[in-house]
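The values are calculated or read from the model by the stated rules, or taken from the named source; none is laboratory data. Just so you know, these numbers come straight off a predicted model, no measurement behind them. All Cβ positions, even for glycine, are placed from backbone atoms using ideal geometry, and neighbour counts span all protein chains on display.
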């Protein structure tokens, strides 16, 4: 599905430089191809705001080239923003009011950082539930990532997430629980997915409320599940959209937080992500960090450039396949008018028939 650069978002130029096909609006207007309009509710903090745009746009753009894809980024109130991030949002993002007026065929909701123990206490909770409520009635399918999964399951089914003893962090192997659902058709029966979270909703809690689990890990728990109807809501607990360096960036952030005294414990390695050579490089660097922190001397540069060639992406092909299945099914179900969620004859309570 070629992405249409319908707004002057810098992410489009970055994707062009990576070799992605981006269609300008003039060319798109002369193609006899149906449009799909996908919302991206981006709730990620400032440091990850634009990276999250690129990651989800890239997954969308990798899908079957039968549709013109218009992705509409927007955000909500209650999320702290720097002046620079707010300027980016003001310039390139749409308002939720415009999203509601124009309609969407599908919606992606990103994760977010939280500061309180219970999600309903977060400043963004009320604006987020307004998006949930509207999307349930007006959007064919909603795909939730990580925190959004926890929030929507809490909102719809009253299930609170559980705080884990330690951060679930790394790249974990998963297996299909259900091999016959349309979302997992033709994908590998075993595949990797990155996770990065302190909380979890367990498979038993999901299944007790009628959710259908499609893929899970013995180490990391459920990654992929769907609402009881099979399609209206898609839940990710992992981060298949991550770049190969995303966990490296998180590890760097945590190391620097330790150096600045913001956390007491030196961060562990993300699991199943660094090979032995990289682990040795970062073990040596830990000694430099501790010494610099103790002596007050300047910290040596984080050895990011040295380790990048050692990092493998073992999840993106499966992520693209799942997105391709998801948006292909959206294409089959949606009305031509994006303000209407389903074509005539589709039962919203059983869209997969």
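Taking the conditions exactly as written (surrounded by fewer than 21 Cβ atoms within 10 Å (Cβ to Cβ), assigned to a helix (DSSP H, G or I) and assigned by TED's automatic domain parsing to the domain that holds residue 151), does residue 219 satisfy them or not?
Answer is no for this residue.
The rows are residues; the columns are (1) in the same structural domain as residue 269 (by TED's automatic domain parsing); (2) buried (at least 17 other Cβ atoms within 10 Å of the Cβ); (3) closer than 28 Å to residue 70 by Cβ.
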| position | (1), (2), (3) |
| --- | --- |
| 292 | yes, no, no |
| 301 | yes, no, no |
| 304 | yes, no, no |
| 317 | no, no, yes |
| 320 | no, yes, yes |
| 339 | no, no, yes |
| 342 | no, no, yes |
| 352 | no, no, yes |
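Can we say residue 139 is in contact (Cβ under 8 Å) with a residue 12 or more places away in the chain and within 30 Å of residue 19 (Cβ to Cβ)?
Answer is no for this residue.
Kindly establish whether residue 201 is at pLDDT 95 or above, within 17 Å of the chain's Cα centre (by Cα) and surrounded by fewer than 21 Cβ atoms within 10 Å (Cβ to Cβ).
No.
Looking only at the range 252-265, decide whether some residue is closer than 18 Å to residue 55 by Cβ, in a helix (DSSP H, G or I) and not assigned by TED's automatic domain parsing to the domain that holds residue 52. Break it down into steps so the answer makes sense when it comes.
Residues of the range 252-265 that are closer than 18 Å to residue 55 by Cβ, as a first pass: 252-253.
Now restrict to residues that are in a helix (DSSP H, G or I): 252-253.
From what is left, the residues that are not assigned by TED's automatic domain parsing to the domain that holds residue 52 are 252-253.
Checked the range 252-265: at least one residue is closer than 18 Å to residue 55 by Cβ, in a helix (DSSP H, G or I) and not assigned by TED's automatic domain parsing to the domain that holds residue 52.
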